[in-house]
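Worksheet: one structure, shown below.
The values are calculated or read from the model by the stated rules, or taken from the named source; none is laboratory data. Only a predicted model underlies this, so the values are computations on that prediction, with no experimental measurement involved. Cβ sites come from the backbone with ideal geometry, for glycine too, and all protein chains shown count toward neighbours.
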Amino acid sequence: MSAVTTPITAPTTTHDGATEHHYLNHSSGFLSWALTLDHKRIGMMYLAGILFAFFLGGVFALAIRIHLWNPNQDPDAAWLTNATYNRVFTLHGAIMVFLFIIPSIPAALGNFLLPIMLGTKDVAFPRLNLGSFYLWITGLIFFAYTLFSTQIDTGWTFYTPYSIEAKSAVEAATLGVFILGFSSIFTGLNFIVTINTMRPPGMSWFKMPLFLWALYATSIIQVLATPVLGITVLLLALERTFGIGIFDPSLNGDPVTFQHFFWFYSHPAVYIMILPAMGIISELMSVHSHKGIFGYRMIAYSSIAIALFGFLVWGHHMFTSGMADVTTIVFSALTFTVSIPSAIKVFNWLGTMYQGTVALNTPMIYALAFIFLFTIGGLTGLFLGALATDMHLHDTYFVVAHFHYVMMGGTLVAFLGGLFHWWPKMTGKMFNDPMGIVSAAIVFVGFNLTFLPQFVLGTRGMPRRYASYVPEFQSLHQLSTVGACILGFGLLVAGLVLLHSLFYGKKAPMNPWGGATLEWECSSPPPHDNFSHPPAVGDPYDFANVEYDGKTGGYYKKKK
Amino acid sequence: MGRCAFQDPISENMTEVAAHTDGHDHGHHDHPSWLAHHFDDAEQQFDSGKLGMWLFLVTEILFFSGMFCAYVLYRNRNPEVFEFCSAFLNEKLGAINTGVLLFSSLTMAWAVRASQLKQHKLLVGMLGATLGCAAIFLGVKSVEYTHKWSLGLLPGRMYVAQMENGYHSDVDYLTPLCIAPAVLTVLFALYYVYSLVIASKFHQRVAGPLLVAGLCFFGGIYLGQFIEGGEHHGDSHGAHADAGHGEHASHDEEHAKEAGSETPAPAEASAASSDTGVALVSTSSGPLHDVAVDPKEAAIPNAEVNNQGMAGLFFSIYYCMTGVHAVHIIGGMLVISWLIVKAAREEFHSKYYGPVDNVGLYWHLVDFIWIYLFPLLYLIT
Ligand code: HEM
Ligand SMILES: [Cu+2]
C-alpha cells in the first residue's frame, strides 16, 4: 500500500483498479475512513452525510406539499394535524439549511477540490478538518434527537418569544445549531489559511480558479458571521434553561434583538449558500464553453464584495418587526446595492458563453438551469427589498418562492452541476450523459412548476407556514404539489444516474471535459497525495493548448 | 526549494512514517517529525498555524460581541439598573483577578521566549505559572459566584429581589463546586508522588505544575473568602458581638475549607439581614459601613430596578459574559496543560514553537476580554 503513484496516462477502458493506486484504495477498512486525515475522503464522507440530510429534508418537503393538496379548512379531516404540520415545516427548513445547504458545497466539493486545485497535498489543518466533520455528525445527532423526542415547531428561525415558551426540544435543536456552526467555522478557517499560505509558487491571487475565490469569500463569511449565530442560540438555550430574560419581553428583554442577532448571521449565511454555487458556475461555464472566463477579475472582486456587503443588509428581514423608519430605508437601499455584484456575475457568465464552443452535457445543462433560476430568484429579491412591496409580501408564499429559487434553483442546482462535473474525478467513473441531461430537464420543469405558482399565491395573500388555506388557492397549491413530485422524481433520476455509474460506468479519463485547472492534471480518482510531481501552474482559463484525445476519450494539455 | 516536497511520494501520516520513510530518500530535505507531511517547510507550517489562530481569535471576539451588544443595548436603556447592580460586585476581587490575569500574560509571553531559546525548564515553569494564575482566577471567581448565589443575586427569572431583611440561602454552593478541583488536585498529588517514586524527570515536570495549579485554585478560594468574608466580618462585629461570627473571624482557615459557612443559622436572622444590607452599600463607600449597622437604616433597594426584569437582566448579562469567559479560561488551561506535556518532552526549539506562540495569543485574548469585562461590569458608579 505504498503511496507511490504512477500518473495514470495509460489509455485503458477496462477496469484496472488492481494496479492503480488512488485515494480510494490507498488503505481499507472502516477505521481508514473514520480516522482519515485525507481531505478527499473527508469530502466524500461529507458528501454522503449531506446527501442523507438532503433526503431527510426532502421527505419532509414532500409531506408538506402532500398535506397542502387540500385546503384543510377542517383541521380534523386534514392529513396532518396542525401541530404536526408545524413540526414538519420546521424540520424541513432546519435540516435543509443547517445540515444540508450550508455544508453542501464547501464541505463536500470544497474539501475534495480545494487542495487539489491549489496543487497541495492537503488542507492546512487536516485534523481540524476531520474534527469539523465529527462536529457535523454530532450536530446531526442533536437534530435527530429533536426529531424523535418532542420535536421543534418554531420554524428554522427560532424567533423569540415563541421559542422561549414552546414546549419542545428547542434546547437540543439550538445546541445542534451551535455545534454545526463551529463545524462550519472550522471549515472556513481551514480554507482561508490553506489558500493564504499554501498556494504554489506561480499561483498569484489572480491565477486562482474562481471556485477558490468563491470558497475564500464564503470562508470569510463563515468565520465572521457564524460566531454571532453561536452566541445567539447559546443565549436562547440559556433563556430556556435559566430564564435569563435577554430576549424575553416578560422580563424586559427584547425579542427583536434576537431577530437582529439571528439575521446578522442568517443573511450573510445565504451568501454562504450561494457564493460557492456561483464559484461552481464560473468553472462550469468556462470549461464547457471551452473558452476563457469573461471578466475574471470582476467575478473575483464581486465575490469579495458580496461577502462584505452581505453583512450590511440583515435588516431587510425585519421591515415589519418594528424598526425606526430611517433604519428601514437604509437597509432597503443597501439591499439594492448588494444585488449589483450578483448581476455582474450573471453578465459575465453570459459573456463567457458568447462565441464559445458550448458543450451541452449534464453539468452545463445544470449550469444553464442555474442561471435562469437564480436570475428569477435574485430579481424577486428586489421586490422584497423594496419597502412598500415588502409590507405586502412579507411572510407570504412570495418569500417562500423567492428563497427557493435562490437556494434550491441556485445552490442545489449548482451543487448538482458541480457534482456531475467533478464526479469522474471523485469516483473515477463516467456517468450516462444523456440520462444526466434528462434528470436536469425533469428537475428544471418540476422546480418551476413547484415554485412559480407560489409567487402567484404570495401576491394574492397566501401566508407562509399555514396548514390550511381558502379554497380559491387550491388549484395553485395543487400545481405546486404536482411540481414537487416531478422535482422529487428528477432528483431520483439524477441520483440513479450517479449510482449506476459507480457500478457500470466507464473508467474516467484524467480530464474528461477539457478543464485547465489543476485538478484535471492528476489522475481520476486522484492518488493519495494528489500529485506525484509538482504541477506547473498556468492560467486556469487558458484552453489554447488543451487538446482532445480520441483514444482516452479525454483531454490533455499539449506541452509547449 | 520550497516545492520539492511534491516529489516526495512518501506519506508521512504519523502511523505510516515508520513503514515508509526508509528507501525513498531522494536526497531532498527530509521532513522532521515536527513538520506535518503536507507542509513544505517550517515557515509555512508556522505561518499557517499563526494565521489560523488569528482567525480563531476573530471568531472569539465576534462570539463575545453578541454579548457586548446586549450589554450596550440594555445599559443604554436602563443605566440606573447597571449602577444599582454593579454595587453588588466586589471590585476588590475583580481587581485582584485582573492583576492575576495580567501577570499570567507576562508569564505566558515569557514562556514563548523560553520555547524559542530551548530553555525547557524555564518553559515548563512559565507555563506552570500561567496555569497557576488561571487556577487562582477561577478560585476567586468561584467565591464571587457562590457568594452571589447565596444572596439570591441570580440571572433573570431566578433573581431574588434584595429586601430589607435580606435573603440568604442556606444552600452551600461552594463545596460542590470544589469537588471536581479537589479530586483533580488529589490525583495530581498522587501523580506527583508516583513520578517521584519512579524518578522520571518527564513525569515530574508534568505533575509538578499540575499539582501547583490544583493548589492554586484553593489558594484562590481562600483569597476570595478572605476578602469577601473580611469585609463582612468587620461589619458584623460592629453590629453584633455575635459569638458565632467572632469565631469565624478568628478561624479563617477553617472558614475557607468550610465553604459557604458564613450562612448564618436561622436564629441569626438579624445578623443575616445586616450582612445583606452591608453588601448593598459596602462597595459604595467606607464610612457608610457604620451607618449600615442598623439593618433598617440600610439603603432600601430601589423597587423600580430591584426586580427580575431589571436587576435580573443585569445579572444575566454578568453571568453570561463572565461565565463564557471562565469557560475560555478552562479551555486555555487544558491547552496549556497539553503544552506542558510537550515542553516536558523538550519538543520546542527555535524552528518549532508555533503551538506555544499560538496558545499564547489565545491566552492574551482571554486576558484582553477580561480587561474589558472588569470595568464594564465592576466599575460602574
Ligand atoms: C439577489 C439578491 C437578493 C435580494 C435582494 C434578497 C432579498 C430578500 C429579502 C428582502 C428577503 C426578506 C423577505 C421577507 O421576509 O419579507 C429575503 C428573504 C430570504 N432570502 Fe433573499 N435576497 C437575495 C438573494 C438571496 C439568496 C442568494 C439567498 C440564498 C441562497 C436568499 C435566501 C433568502 C431566504 C432563505 C429568505 C427567507 C428567510 C425566512 O424568512 O425564512 N436570498 N430575501
Ligand atoms: Cu437576507
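Quick rundown of the values:
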{"quantity": "Any hit, the range B:75-84, residues being away from chain A (no Cβ under 14 Å), surrounded by fewer than 21 Cβ atoms within 10 Å (Cβ to Cβ) and either touching a residue at least 12 places away in the same chain (Cβ under 8 Å) or not in a helix (DSSP H, G or I) (or both)", "calculated": "yes"}
{"quantity": "Test for A:Phe262: is it of a type in the set (Phe, Trp, Tyr), away from ligand 1 (no atom under 14 Å from the Cβ) and touching a residue at least 60 places away in the same chain (Cβ under 8 Å)", "calculated": "no"}
{"quantity": "Within the range B:138-155, considering residues that are part of a loop (DSSP other than H, G, I, E, B) and within 16 Å of B:Met321 (Cα to Cα), the one nearest to the other protein chains (Cβ to nearest Cβ)", "calculated": "B:Pro155"}
{"quantity": "Residue ID - nearest to A:Gly131 (Cα to Cα), chosen from residues in the range A:187-204 that are more than 9 Å from every other protein chain (Cβ to nearest Cβ) and at pLDDT below 95", "calculated": "A:Arg199"}
{"quantity": "Output for the range A:191-217, where each listed residue is in a helix (DSSP H, G or I) and of a type outside the set (A, V, I, L, M, F, W, C)", "calculated": "A:Thr194, A:Asn196, A:Thr197, A:Lys207, A:Tyr216"}
{"quantity": "Only listed residue being of a type in the set (A, V, I, L, M, F, W, C), within 13 Å of ligand 1 (Cβ to nearest atom) and in contact with a helix residue (DSSP H, G or I) (Cβ under 9 Å, 6 or more places away or on another chain), chosen from A:Val445, A:Val399", "calculated": "A:Val399"}
{"quantity": "Meets criteria (in contact with a Pro (Cβ under 7 Å, 6 or more places away or on another chain), aliphatic (A, V, I, L, M), at pLDDT 85 or above and more than 18 Å from B:Leu379 (Cα to Cα)) for B:Leu57", "calculated": "no"}
{"quantity": "Test set (1) away from ligand 1 (no atom under 16 Å from the Cβ); (2) of a type outside the set (Asp, Glu); (3) in a loop (DSSP other than H, G, I, E, B) - A:Gly181 fails condition number", "calculated": "(3)"}
{"quantity": "Check on A:Ile220, within 14 Å of ligand 1 (Cβ to nearest atom), out of contact with any Asp or Glu (no Cβ under 7 Å at 6 or more places or on another chain) and part of a helix (DSSP H, G or I)", "calculated": "no"}
{"quantity": "Sole exception among (1) among the β-branched types (Val, Ile, Thr); (2) outside any loop (DSSP other than H, G, I, E, B); (3) more than 16 Å from ligand 1 (Cβ to nearest atom) for A:Thr150, by number", "calculated": "(2)"}
{"quantity": "Those residues of the range A:249-262 which are assigned to a helix (DSSP H, G or I) and surrounded by 22 or more Cβ atoms within 10 Å (Cβ to Cβ), in sequence order", "calculated": "A:Leu251, A:Phe258, A:Gln259, A:Phe261, A:Phe262"}
{"quantity": "Identity of the residue in the range A:265-285, away from ligand 1 (no atom under 16 Å from the Cβ) and either among the hydrophobic types (A, V, I, L, M, F, W, C) or modelled with pLDDT under 95 (or both), that ends up nearest to A:Val223 (Cα to Cα)", "calculated": "A:Leu284"}
{"quantity": "Residue in the range A:329-346 that is farthest from ligand 2 (Cβ to nearest atom), counting only those that are under 22 Å from A:Leu373 (Cα atoms) and either aromatic (Phe, Trp, Tyr) or surrounded by 21 or more Cβ atoms within 10 Å (Cβ to Cβ) (or both)", "calculated": "A:Lys345"}
{"quantity": "The range A:153-171, subset away from every other protein chain (no Cβ under 14 Å) and more than 16 Å from ligand 1 (Cβ to nearest atom), residue nearest to A:Arg464 (Cα to Cα)", "calculated": "A:Ala166"}
{"quantity": "Selection status of A:Val400, within 12 Å of ligand 2 (Cβ to nearest atom), surrounded by 17 or more Cβ atoms within 10 Å (Cβ to Cβ) and more than 18 Å from A:Ile280 (Cα to Cα)", "calculated": "no"}
{"quantity": "Lone unmet requirement of (1) within 11 Å of chain B (Cβ to nearest Cβ); (2) among the β-branched types (Val, Ile, Thr); (3) under 30 Å from B:Gly156 (Cα atoms) for A:Ile179", "calculated": "(1)"}
{"quantity": "Sole residue being of a type outside the set (Ser, Thr, Tyr), within 23 Å of A:Val406 (Cα to Cα) and away from ligand 2 (no atom under 16 Å from the Cβ), chosen from A:Pro249, A:Pro227, A:Pro276", "calculated": "A:Pro276"}
{"quantity": "Subset of the range A:460-483 [in contact with a Gly (Cβ under 7 Å, 6 or more places away or on another chain) and part of a helix (DSSP H, G or I)]", "calculated": "A:Gly483"}
{"quantity": "Within the range A:68-91, tally of residues that are farther than 17 Å from A:Gly155 by Cα and outside any loop (DSSP other than H, G, I, E, B)", "calculated": "3"}
{"quantity": "Per-region count, the range A:297-328, residues in contact with a helix residue (DSSP H, G or I) (Cβ under 7 Å, 6 or more places away or on another chain) and either among the small types (Gly, Ala, Ser) or away from ligand 2 (no atom under 16 Å from the Cβ) (or both)", "calculated": "13"}
{"quantity": "Unmet requirement for A:Thr375, which otherwise passes all of (1) of a type outside the set (A, V, I, L, M, F, W, C); (2) within 15 Å of ligand 2 (Cβ to nearest atom); (3) in contact with a helix residue (DSSP H, G or I) (Cβ under 8 Å, 6 or more places away or on another chain)", "calculated": "(2)"}
{"quantity": "Of all residues in the range A:188-226 being without any contact (Cβ under 8 Å) to a residue 40 or more places away in the chain and aliphatic (A, V, I, L, M), the one that is farthest from B:Phe63 (Cα to Cα)", "calculated": "A:Ile192"}
{"quantity": "Hits in the range A:230-242 (condition: at the interface with another protein chain (Cβ under 9 Å from one of its Cβ atoms) and farther than 21 Å from B:Gly312 by Cβ)", "calculated": "A:Gly230"}
{"quantity": "Filter pass, A:His267 being surrounded by fewer than 24 Cβ atoms within 10 Å (Cβ to Cβ), in contact (Cβ under 8 Å) with a residue 24 or more places away in the chain and within 12 Å of ligand 2 (Cβ to nearest atom)", "calculated": "yes"}
{"quantity": "Residue within the range A:280-290 that is at negative phi, assigned to a helix (DSSP H, G or I), surrounded by fewer than 24 Cβ atoms within 10 Å (Cβ to Cβ) and touching a residue at least 40 places away in the same chain (Cβ under 8 Å) present", "calculated": "yes"}
{"quantity": "Matching residues in the range A:243-284 - criterion: being charged (D, E, K, R), within 19 Å of B:Arg75 (Cα to Cα) and in contact with a Pro (Cβ under 7 Å, 6 or more places away or on another chain)", "calculated": "A:Asp248"}
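Here's the yes/no breakdown for (1) in contact (Cβ under 8 Å) with a residue 60 or more places away in the chain; (2) under 15 Å from A:Trp69 (Cα atoms); (3) within 16 Å of ligand 2 (Cβ to nearest atom); (4) within 14 Å of chain B (Cβ to nearest Cβ):
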{"position": "A:Val406", "(1), (2), (3), (4)": "yes, no, yes, no"}
{"position": "A:Ala414", "(1), (2), (3), (4)": "yes, no, no, no"}
{"position": "A:Gly417", "(1), (2), (3), (4)": "yes, no, no, no"}
{"position": "A:Leu449", "(1), (2), (3), (4)": "no, yes, no, no"}
{"position": "A:Pro453", "(1), (2), (3), (4)": "no, yes, no, no"}
{"position": "A:Phe473", "(1), (2), (3), (4)": "yes, yes, no, no"}
